[in-house]
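**Q** Okay, handing you the structure first.
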Amino acid sequence: MNAAFMSIKHIVVLMLENRSFDHMLGYLYADQGNRSSSGQAFEGLSGDETNPDSAGNGVIVFKIAPTDQSAYFMPGADPGEGYVATNMQLFGAATVSSTQEPGNSGFVRDFAQTLQWETRKGWSILPGTVARNIMGVFTPDMLPVLSGLARGYAVCDHWYASAPTETLPNRAFACAATSQGHMDDATKTYTCPSIFGRLTEAGQSWAIYGYDTPPLTRHNFPDVTNAPESHFGLFSEFKAAALAGTLPAYSFLEPSWSPTGNSQHPNYDVALGEQLIYDVYQAVSKGPNWNQTLLIVTYDEHGGCYDHVPPPATAVPPDTLAGEFGFDFKRFGVRVPTVLISPWIEAGTVFRAPDTAAPLDHTSILKTAETLWGMPALTARDAAASDLRGAFTLTEPRTDDPLAGVTVPTSGTPFPGGDAPSHLQMIQAELVSQLPVADELGDTHAQMPALKTSQDYTQYIQTRTAAWKAQRQRDSTETAKH
């Protein structure tokens, strides 16, 4: 097997939120005729791509400029991202047959509909937001960190979300290779084993790091929720471990879920996510384990943002569970940005799975870990997935730094959308409210208090989790006494 690939002892996964490939990296190699510095073809934008509006007029893709109003907060509102919205974006219809081919021509019309109902519900829509914004694309100059790493190492231009829907099902695929038939965020926990349990069984260390609150992923799978406290931390602890050379074999990083945080979820500040990517890269690349580390920067799903490449219908269903909405799990989600970072990867690499193999999706991360450490697959999806070993083509690790001299961008603007909590903050608060924390009467079924602002949610998540951890420690001590 590839010696460079087998030298990897640490996988670090940073999964951000809700951006499509074209939206973030479509113009990565536009100045080179969509060919990388190594001469490889790149599936980027020509600049002629269009989508019809509700009147049938073509809306052409355009470059977001730093001088645009709320440029780093584009597209200015939260586009539709669930299964029905994704079908509308890809097929122009809410329900589709298994034989239909996506044309990716419904993004503008779906965003127009989304803006209408979000206006009625009082959701955050920034001034000047219109349906054509969904065709806006960031340039490499506006995203020098993500683009610099994509050019400086490997960009995956055919990496798809695992399912054509929203966040939690795709994060479940990224951790467990299945969403157990679920296709929306209504289901927040799963009963299946995860990659973290597999790592424990294989004797490999792992950790999940929240950014500024305890990690949400802790509450999604039973083999994670019940794991010892040593498997969980905050971003400051990740940085310290990376710089000290004490990272576990597998690290999974969450961003801050707050609207003023760095998740890059629309319509939050994309520049703050650039800073997070930079900080993760600096911690890993400056640490003593750099030559043994693969850093993967990816996004859980496209978030309703425009992409011109139709997702393939060649996915292997993960299991026999019936899918919600009648979905058969044979179709991937929309392309998302994914960058592979390692000193064993040549600059200018455009990495794809071979034409005869399964396209890359989130379960390729799982397959890579399983290949490295001899672990069995979790489901049929990751068993069929392509791993990432082919990206490792060098015989000696590099010593250059593609981000040397790069200045991390700033929006210069605080989040203009108010102090309402994010969707994932609300989900995490609901999950921690169900943790068994006994009150003075011994009752562990506490009702979640009324929470209004994002800060309210942050404080509740922190205090409730701390109380649960303290009770676990007390229970453990009592058990040891007996």
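The values are calculated or read from the model by the stated rules, or taken from the named source; none is laboratory data. Nothing here was measured: the structure is a model prediction, and the numbers come from that model. Quick reminder, even Gly has a Cβ in these numbers, built from the backbone with ideal geometry, and neighbours come from all protein chains shown.
**Q** Can you say whether GLY80 is touching an Asp or Glu at 6+ places or on another chain (Cβ under 9 Å), assigned to a loop (DSSP other than H, G, I, E, B) and either in contact (Cβ under 8 Å) with a residue 60 or more places away in the chain or surrounded by 13 or more Cβ atoms within 10 Å (Cβ to Cβ) (or both), as far as the supplied structure shows?
**A** For GLY80, the condition - touching an Asp or Glu at 6+ places or on another chain (Cβ under 9 Å), assigned to a loop (DSSP other than H, G, I, E, B) and either in contact (Cβ under 8 Å) with a residue 60 or more places away in the chain or surrounded by 13 or more Cβ atoms within 10 Å (Cβ to Cβ) (or both) - is met.
**Q** Is there a residue being under 23 Å from the mean Cα position of the chain (by Cα) and closer than 27 Å to ALA420 by Cβ anywhere in the range 91-105?
**A** no
**Q** Which one is surrounded by the most Cβ atoms within 10 Å (Cβ to Cβ) among residues in the range 323-352 that are small (Gly, Ala, Ser) and in contact with an Asp or Glu (Cβ under 9 Å, 6 or more places away or on another chain)?
**A** GLY333
**Q** Restricting to the range 332-378, give me the number of residues that are assigned to a strand (DSSP E or B) and either among the basic types (Lys, Arg) or farther than 24 Å from GLN40 by Cα (or both).
**A** 1
**Q** Continuing with this model, one more query. Just name the residue that is farthest from GLY56 (Cα to Cα) out of those in the range 92-104 that are of a type in the set (Gly, Ala, Ser) and surrounded by fewer than 17 Cβ atoms within 10 Å (Cβ to Cβ).
**A** SER98
**Q** Being out of contact with any strand residue (DSSP E or B) (no Cβ under 9 Å at 6 or more places or on another chain) and small (Gly, Ala, Ser) narrows it down to one of ALA4, ALA41, so name that one.
**A** ALA4
**Q** Which one of these is touching a residue at least 40 places away in the same chain (Cβ under 8 Å), touching a helix residue (DSSP H, G or I) at 6+ places or on another chain (Cβ under 9 Å) and farther than 25 Å from ASP185 by Cα: THR458, THR379, THR368?
**A** The unique qualifying residue is THR368.
**Q** Search the range 2-16 for residues being among the hydrophobic types (A, V, I, L, M, F, W, C) and under 13 Å from THR368 (Cα atoms), and hand back the single one that is farthest from the chain's Cα centre (by Cα).
**A** MET6
**Q** If you don't mind, there's one more thing I want to ask. Name, by its number, the condition in (1) touching a Lys or Arg at 6+ places or on another chain (Cβ under 7 Å); (2) under 29 Å from THR379 (Cα atoms) that does not hold for ALA283.
**A** (2)
**Q** Also, I was wondering about something else. Return only the number of the condition from (1) polar (S, T, N, Q); (2) outside the structural domain of GLN264 (by TED's automatic domain parsing); (3) surrounded by 16 or more Cβ atoms within 10 Å (Cβ to Cβ) that THR453 does not satisfy.
**A** Here THR453 meets the rest and fails (3).
**Q** Could you list, in sequence order, all residues of the range 41-64 that are among the aliphatic types (A, V, I, L, M) and in contact (Cβ under 8 Å) with a residue 24 or more places away in the chain?
**A** Those that are among the aliphatic types (A, V, I, L, M) and in contact (Cβ under 8 Å) with a residue 24 or more places away in the chain: ALA41, LEU45, VAL59, ILE60, VAL61, ILE64.
**Q** While we're on this one: Within the range 409-436, track down each residue that is of a type in the set (Val, Ile, Thr), closer than 11 Å to ASP269 by Cα and within 22 Å of the chain's Cα centre (by Cα).
**A** Matches in the range 409-436: THR410 only.
**Q** Of everything in the range 349-382 that's over 17 Å from CYS192 (Cα atoms) and hydroxyl-bearing (Ser, Thr, Tyr), which residue is modelled with the lowest pLDDT?
**A** THR356
**Q** Looking only at residues that are hydrophobic (A, V, I, L, M, F, W, C) and in contact with a helix residue (DSSP H, G or I) (Cβ under 7 Å, 6 or more places away or on another chain) in the range 239-262, which one is surrounded by the fewest Cβ atoms within 10 Å (Cβ to Cβ)?
**A** Per the criteria, the residue is LEU243.
**Q** Quick one: which residue in ALA172, ALA186 is closer than 23 Å to GLY333 by Cβ, part of a helix (DSSP H, G or I), within 20 Å of the chain's Cα centre (by Cα) and assigned by TED's automatic domain parsing to the domain that holds LYS9?
**A** ALA172
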